[in-house]
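Take a look at the structure below.
The values are calculated or read from the model by the stated rules, or taken from the named source; none is laboratory data. Just so it is clear, the structure is predicted and the values come from calculations on it, not from any experiment. Don't worry about glycine lacking a Cβ; one is built from the backbone with ideal geometry, like all the others, and counts go over all protein chains shown.
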Amino acid sequence: MEDLETLATTATPAHADAELEARAEEVCGRLLIDRYLLKRDYRDLLLDDALRAVVARRLSGVGLQLVESFTSDYFAVRLKREVEADIAFDWATNSRLPRGAVALLVILWAKLVLPKRVQPSDAVEADAAAPKPPARVVVTRDALYAEFGRKFGKTAFARYLGQLKSAAFVREDRLGNLSEGPLLDLLIDGVEMAQKLRDSVLWDLLERGPGSGDDLEPADSDTGDSDDDAEDED
């Protein structure tokens, strides 16, 4: 009888570890396939520190890290900082975005994400473990084009916006309202973004004349793109 009790007490942790590893494997698989996961669908990843640790360990083994933000409803994966430090693996290069699309991405980040990060908190939440997320920020396609479109040119603006939608950085509804996509808040570091605003990506574009956006895009990156990208819907 004593041997059976001993076996039960020793087998339980091993069984629990196996379940934890299996769940972590499932989560990592979904992250690699889908690139992002809704927090509400993976509450165990949000609340279980042991699961998060195992997921982080598995991702780290292939040069990735789990990312989240209070202002985002999603989990996502991105390259580890030490891997991304190699210019061949930075987020813009890895997303295969031309310079003009990166410039538009910077603008959209400043329009859709930055306001959420700088808005003051109205009051201390009663439940600190589950604070209320900031309200969604929206900008219309027409307003964005009126402010910045001439810097890109009409055709390039539509093409770049289509590329950002396809990459899950931004979403657009049937009325032309643009809102942040699952990856806009998670794959872009706010501190780095501030530096990019002073570097050549956006600054060079805005210093140029109207319609100059096309020369920011490498000639071979236009293959297979069309303005139809900008017409897809949620």
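Looking only at region 28-57, how many residues end up being buried (at least 18 other Cβ atoms within 10 Å of the Cβ) and without any contact (Cβ under 8 Å) to a residue 60 or more places away in the chain?
9
Write out, first by first residue and then by second, each pair whose Cβ atoms fall under 7 Å of each other, whose residues are 6+ apart or on separate chains, and whose first residue, in region 68-92, is within 20 Å of Val102 (Cβ to Cβ) while the second is assigned to a strand (DSSP E or B) and modelled with pLDDT under 90.
Phe89/Leu79; Trp91/Arg78
Just to confirm my filter: which helices (runs of 4 or more DSSP H) fall fully inside region 1-84 and include at least 1 residues that are at pLDDT 85 or above and of a type in the set (D, E, K, R)?
Correct list: 2-34, 43-47, 49-60.
List the number of the failed condition for Asp185; all other conditions in (1) under 13 Å from Leu104 (Cβ atoms); (2) at pLDDT below 90; (3) not in a helix (DSSP H, G or I) hold.
Just one mismatch for Asp185, condition (1).
Residue-by-condition table, conditions (1) part of a helix (DSSP H, G or I); (2) at pLDDT 55 or above; (3) out of contact with any helix residue (DSSP H, G or I) (no Cβ under 8 Å at 6 or more places or on another chain):
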| residue | (1), (2), (3) |
| --- | --- |
| Arg96 | no, yes, no |
| Ala101 | yes, yes, no |
| Leu105 | yes, yes, no |
| Pro115 | yes, yes, yes |
| Ser121 | no, no, yes |
| Glu125 | no, no, yes |
| Pro131 | no, no, yes |
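Could you tell me which numbered condition Ala168 fails, if it satisfies all but one of (1) at pLDDT below 50; (2) in contact with a Pro (Cβ under 7 Å, 6 or more places away or on another chain)?
Among (1) at pLDDT below 50; (2) in contact with a Pro (Cβ under 7 Å, 6 or more places away or on another chain), Ala168 violates only (1).
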